[in-house]
Amino acid sequence: MEKAKELKEKLFKDKKNGWETLSDSEKQNVFNFSKEYIKFINEAKTERECVKKITEILEKNGFINIENKDSLKTGDKIYYINRYKNVYAAVIGSEDLKNGFNIIGAHIDSPRLDLKPNPLYESEELALLKTHYYGGIKKYQWVNIPLSMHGVIITKDNKKIEINIGESENDPVFTVADLLPHLASEQGKKKLNDAITGEDLNILVGSIPYDTDEDITEKVKLNILNILNKKYGIIERDFVSSEIEFVPAMKAKSLGFDESLVAGYGQDDRVCAYTSLTALLTVVNPKKTAICLLADKEEIGSMGNTGMSSRIFEYFLAQLLDKTVGNKPGLLDEALKSSKILSADVTAGYNPNFPSIYEKNNESYIGHGISVIKYTGSASKGGASDANAEFVGYIRNLFEKNNIAYQNSEMGKIGVGAGGTIAYILADKGSDVIDCGVPVISMHSPYEITSKFDIYNAYKAYEVFYKDE
Ligand code: MN
Ligand code: MN
């Protein structure tokens with residue numbers, strides 16, 4: 001019998017709960033790391049706020065805007081900001097850049113409610129804002145939760161007004177009002193996805209009329225505009241040149257009696273953005289040039305000039321070549337062909353409330369470490385970039401050598417759904433790419449759940465990847 005036990009230990013792939021592998025001091029590191037992470041996601045709830053916060057962190061750690069550097073040498077730390085919504089940071093390595101970069105790419109946009117161009121209206125003496133949701137949301141989850149308002153408004157004289165209402169203790173919040181159950185028998189018969197429609201996601205923003213003048217209509221709307229005008233100097237037309245996002249106003253917090261989990265908005269994909277950024281801060285005089293890329297627009301298909309499909313990333317890499325070895329035709333393609341990339345994006349964590357959705361042998365489990373995903377895509381693997389076995393082998397050996405807790409998974413049973421990341425866009429450039437991120441329960445909801453153990457392992461995994469020679 002003893003022999004069978006030994007043989008099993010030798011041959012089976014173990015599925016250890018990560019917490020069981022930690023010493024008390026390691027556990028402390030895990031908890032301390034998440035404390036800072038929770039602070040970050042509470043302070044950075046939009047891609048613009050992320051870029052601002054990340055720039056602060058980078059500058060505090062000696063990174064310099066690449067536009068202020070004419071040439072770059074080994075050990076230099078630089079960053080580039082694209083239109084306030086997308087940022088790249090790099091530590092220059094000693095090896096010729098044409099031999100490739102070690103790149104980790106995450107995204108900093110998250111699902112939310114954006115305002116339509118003409119949002120403000122009044123109905124039966126209540127003022128509301130029309131929204132157009134951004135990213136894949138289950139709409140019924142976004143009613144009757146506190147929402148905060150974030151973003152920018154560009155005025156007639158090209159002034160940029162920055163707005164953040166609903167995060168401070170004394171700020172008001174906003175909400176989308178659902179129907180009371182007493183009157184919801186018809187709504188209750190509808191399919192879950194139809195019970196609240198996109199056009200139902202109207203945000204309640206006020207109820208006091210401007211004055212008692214009988215002849216004036218839409219007095220509540222007028223009062224709201226007057227308040228906004230007094231505070232920000234804006235008029236109704238200024239909404240057309242704005243990017244206003246309503247996001248959950250709830251604070252991210254530790255979850256559970258044991259405080260092992262993090263609950264909070266925007267963890268897809270700020271958990272990978274934060275861990276890949278903080279891992280880069282530990283890179284000193286590397287051999288390979290290490291790059292952290294944080295993209296916008298992933299949740300709506302990576303299009304646009306701040307999304308991964310944009311050529312701005314290549315522009316940035318060309319700048320690196322230019323300011324080190326001197327760029328020339330074909331050099332960027334050569335560097336990209338030789339680059340290794342982790343597409344750092346979250347995946348679905350097993351949710352015990354819905355066991356039938358999962359194929360239990362091939363799921364990501366909370367508390368089992370970072371998830372390595374060879375391919376995403378739909379039932380046929382359609383749309384997946386599908387990493388080569390050789391590259392998966394490289395990653396797996398790197399993680400094993402460095403005691404990184406990792407797991408390999410898909411996302412749900414074949415055909416139940418699909419998800420995608422920026423992996424295929426980067427693979428198109430000729431690099432080796434694999435998805436590698438933190439499992440999340442209730443992804444894309446206003447209150448997503450992750451494990452502090454997995455977050456810490458993502459940080460460690462990204463660190464060894466950047467530093468690998
Ligand atoms: Mn994502
Ligand atoms: Mn997502």
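Going by what's in this entry, would G93 be described as of a type in the set (G, A, S), outside the structural domain of L225 (by TED's automatic domain parsing) and part of a loop (DSSP other than H, G, I, E, B)? Taking the combined requirement at face value, the residue satisfies it.
Just give me the residues in the stretch 143-163 being assigned to a strand (DSSP E or B), touching a residue at least 24 places away in the same chain (Cβ under 8 Å) and within 15 Å of F239 (Cα to Cα), in sequence order. Reasoning before the result, please.
Within the stretch 143-163, the subset assigned to a strand (DSSP E or B) is 147-154, 160-163.
Narrowing the set further to residues that are touching a residue at least 24 places away in the same chain (Cβ under 8 Å) leaves 147-154, 161, 163.
Within the stretch 143-163, M149, H150, G151, V152, I153, I154, I161, I163 qualify.
Within the stretch 80-101, residues that are within 12 Å of F313 (Cβ to Cβ) reach partners that are of a type in the set (K, R) with beta carbons closer than 8 Å, at six or more positions or on different chains, in the pairs A90/K77; F101/K288; F101/K340. Scanning the stretch 266-304 for residues that are within 16 Å of ligand 2 (Cβ to nearest atom), among the aliphatic types (A, V, I, L, M) and surrounded by fewer than 21 Cβ atoms within 10 Å (Cβ to Cβ) turns up I300, M303.
Any idea which of L58, L120, L72 is away from ligand 1 (no atom under 16 Å from the Cβ), in a strand (DSSP E or B) and of a type outside the set (S, T, N, Q)?
After applying the criteria, what remains is L120.
Residues in the stretch 419-457 that are among the small types (G, A, S), within 16 Å of ligand 2 (Cβ to nearest atom) and under 18 Å from I373 (Cβ atoms): G419, G420, A423, G437.
Any residue that is among the β-branched types (V, I, T), under 23 Å from the mean Cα position of the chain (by Cα), surrounded by 17 or more Cβ atoms within 10 Å (Cβ to Cβ) and within 16 Å of ligand 2 (Cβ to nearest atom) - is there at least one of those in the stretch 249-265? No. G100 passes every criterion in (1) buried (at least 17 other Cβ atoms within 10 Å of the Cβ); (2) not assigned by TED's automatic domain parsing to the domain that holds V438 apart from (2). Scanning the stretch 411-454 for residues that are under 21 Å from V30 (Cα atoms), more than 13 Å from ligand 1 (Cβ to nearest atom) and buried (at least 24 other Cβ atoms within 10 Å of the Cβ) yields a total of 4. Exactly one residue among I357, I300, I366 is more than 23 Å from V91 (Cα to Cα) and touching a helix residue (DSSP H, G or I) at 6+ places or on another chain (Cβ under 8 Å), and that residue is I366.
Taking T55, is it surrounded by fewer than 20 Cβ atoms within 10 Å (Cβ to Cβ) and modelled with pLDDT of 95 or more? Considered against the rule, which asks whether it is surrounded by fewer than 20 Cβ atoms within 10 Å (Cβ to Cβ) and modelled with pLDDT of 95 or more, T55 comes out as yes. The set of residues from the stretch 325-349 being of a type in the set (G, A, S), within 16 Å of ligand 1 (Cβ to nearest atom) and in a loop (DSSP other than H, G, I, E, B) comprises just one member, A344. Listed conditions (1) out of contact with any strand residue (DSSP E or B) (no Cβ under 7 Å at 6 or more places or on another chain); (2) surrounded by fewer than 24 Cβ atoms within 10 Å (Cβ to Cβ); (3) within 23 Å of C272 (Cβ to Cβ) are all met by Y133, apart from (1). Scanning the stretch 350-405 for residues that are of a type in the set (K, R) and exposed (fewer than 13 other Cβ atoms within 10 Å of the Cβ) yields a total of 2.
Here S364 clears all of (1) touching a residue at least 12 places away in the same chain (Cβ under 8 Å); (2) more than 16 Å from ligand 2 (Cβ to nearest atom) except the condition numbered (2). Checked against (1) in contact (Cβ under 8 Å) with a residue 40 or more places away in the chain; (2) more than 20 Å from P111 (Cβ to Cβ), A263 passes all but a single condition, namely (2). For the stretch 416-432, the condition holds for at least one residue, the condition being that it is out of contact with any Phe, Trp or Tyr (no Cβ under 8 Å at 6 or more places or on another chain), among the charged types (D, E, K, R) and outside the structural domain of L147 (by TED's automatic domain parsing).
The values are calculated or read from the model by the stated rules, or taken from the named source; none is laboratory data. Just so it is clear, the model here is predicted, and its values are computed rather than measured. FYI the Cβ positions are ideal-geometry reconstructions off the backbone, even for glycines, and counts take in every protein chain you see.
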